[in-house]
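Each reported figure results from applying straightforward, stated rules to the coordinates on display, with no laboratory input. In this text the structure is predicted, and so the values were computed from the model without any measurement. When we count neighbours, we look across all protein chains shown, and the Cβ atoms used for this are built from the backbone with ideal geometry, even at glycine.
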Amino acid sequence: MPEASAGLDAWLDYIGQQHQHTIDMGLVRFNKVLTALALQRPAPTVITIAGTNGKGSTARVTEALLCDAGLRVGTTLSPHVWRFNERIRIAGEDADDATICRAFAAIDATRGDIPLTYFEFSALAALYCMVEAKVDVAILEIGLGGRLDAFNAVDADIAVITSIGIDHQAFLGDTREAIGAEKAGILRSGQRVVLGLGMPSSVDARCDALGLHPRRWGREFESKVAVNDDQWLLERIGHEPLQMPLTSLAPHNIAVACEAAVELVELTATRVGRCIGLRMPGRMDIHQSKGRLWIHDVCHNPDGAKFFMAELARRNIAPSFFICSMLAGKDHVGFFETVKQTANGSPAWLFVGSQGDRHMSAAELAAEVGLPGAVANDMPHATRIAEQQTKEGDAIVVFGSFSAVEQCTWLAS
């Protein structure tokens, strides 16, 4: 256990060594520590957000809407891009180092000999910080799954499933139906449920079994393109449409967030407009540099790629260059082919090695998708080549994983 004066980096090193596996699905161990710390109810109102893509931006917009209405909100995001503190937000701000270290110390003192993964430590720390801060609402972003995710140990009042796609097959199954069943494990009887686009029948079956009447995108609410590319309409049954500006966040995810928050706040065009201009690292994150338009996004599966490319088209952005870094175990060919089929013209590609537990070299990735020569030494090398091979006004995309965005360290300054 780190000394009392230890900083956050020391604690992060420590919690990363307390379990032999990075992922250990199941709630038994987590529940024991959760109960011992009395964290089962981190706020009077709890919202859980699951899904394959779009969870982070949905969580942040929900947070913004609630904070705008004067509520004190705790939010979890996972994973982080540049700083661990991004994972735990209190009242609209990242938690500070001292607050997180205090939470880790309490968890470590309580768990005894119970092994916890890095994510489980992080989840407990988030709940501890929320209880300590006496938040009104806790927004919990579910990790890769649903049924066996650590945050599913907390019973939520509002459950959101943003989307269902093929990803994390080793843990969730290799069909949309199987993955949908795992994600739908967050549902409880009596909840308010919000479902994004494209839910498989397994989610419907879970709702029916629990007697739930979900609010569905495309039925009870929707995001529609308005009269021009810079506007869109938020439509809800029984209410006048709200005309919204097109920001860096996807209208679909904004609409889902609004539906999740509507029983807690009044939705007006002014309020929603104030809350959707936020920027998130790696979520349609657009920058101007050296005369080029740089777009960074963490999409990492074929469904995410399709969604991302449609959002680019909606903004009249046609990339000239793609820089891609992906983790092992993903559908690399499916991701590449989806982008290739939806891109205009013949943009160039360059691959960079990813970092972390499931790292994959640039050479392996490039060979797998059929472009064995399109390899860069690292991200700085790739961005220099992209600048050299494009002209002013061109758009360059960096995507494929959180690791891809993490390596763009010049953005964090």
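Spin-label model, residue 289 to residue 113: label points 7 Å out along the Cα-to-beta-carbon direction sit 5.0 nm apart.
Counted by Cβ distance under 10 Å from residue 305, the other residues give a net charge of -2, where Lys and Arg count +1 and Asp and Glu count -1.
Using the Cβ-Cβ distance between residue 38 and residue 344 with R0 set to 35 Å, the FRET efficiency works out to roughly 0.05. Mind sorting 48, 175, 270 by how few other Cβ atoms lie within 10 Å of their own Cβ, fewest first? In order of increasing Cβ crowding within 10 Å: 270, 175, 48. Rg over Rh for region 285-411 works out to 0.92, using Cα positions for both radii and the Kirkwood form for Rh. Within the chain, the longest run free of exposed loop sites, counting trypsin sites (Lys or Arg not before Pro) that sit outside DSSP helix and strand states (H, G, I, E, B) and have at most 12 other Cβ atoms within 10 Å, spans 291-390. The length gained on full extension between residue 18 and residue 392, counted as 0.36 nm times the residue separation minus their Cα-Cα distance, comes to 129.7 nm. Seen through its C-alpha gyration tensor, with square-root eigenvalues sorted a ≥ b ≥ c, region 205-308 comes out oblate because a/c lies at 1.5 or above while a/b is not bigger than b/c. Considering only 332, 213, 239, the mean-square fluctuation computed in a Gaussian network model of the chain, springs between alpha carbons under 10 angstrom, is largest for 239. Just tell me which aspartates and glutamates come within less than 20 Å, Cα to Cα, of residue 32; anything on the same chain fewer than 8 places away is out. Filter leaves 24, 108, 113, 120, 132, 149, 155.
Full extension of the chain between residue 371 and residue 263 yields a length gain of 33.9 nm, computed as 0.36 nm times the residue separation minus the alpha carbon distance. Both radii come from the Cα set of the chain: Rg as radius of gyration, Rh as Kirkwood radius; their ratio Rg/Rh reads 0.95. Split the chain at each of the GluC sites (Glu not before Pro) in a DSSP loop with at most 15 other beta carbon atoms within 10 Å, and the longest piece is 4-262. Summed over qualifying helices (DSSP H, 4 residues or more, each -39500 (n - 2.57)) and divided by its residue number, the chain shows a 222 nm mean residue ellipticity of -10500 deg cm²/dmol.
Beta-bridge orientation, the chain: approximately 35 percent antiparallel, per DSSP, counting only bridges with both partners inside. Taking square-rooted eigenvalues a ≥ b ≥ c of the alpha carbon gyration tensor, is region 48-91 rounded, prolate or oblate, where a/c under 1.5 means rounded and, failing that, a/b exceeding b/c means prolate? In terms of gyration-tensor shape, oblate.
The label-point distance for residue 239 and residue 178, in a model that sets each label 7 Å from Cα toward Cβ, rounds to 3.8 nm.
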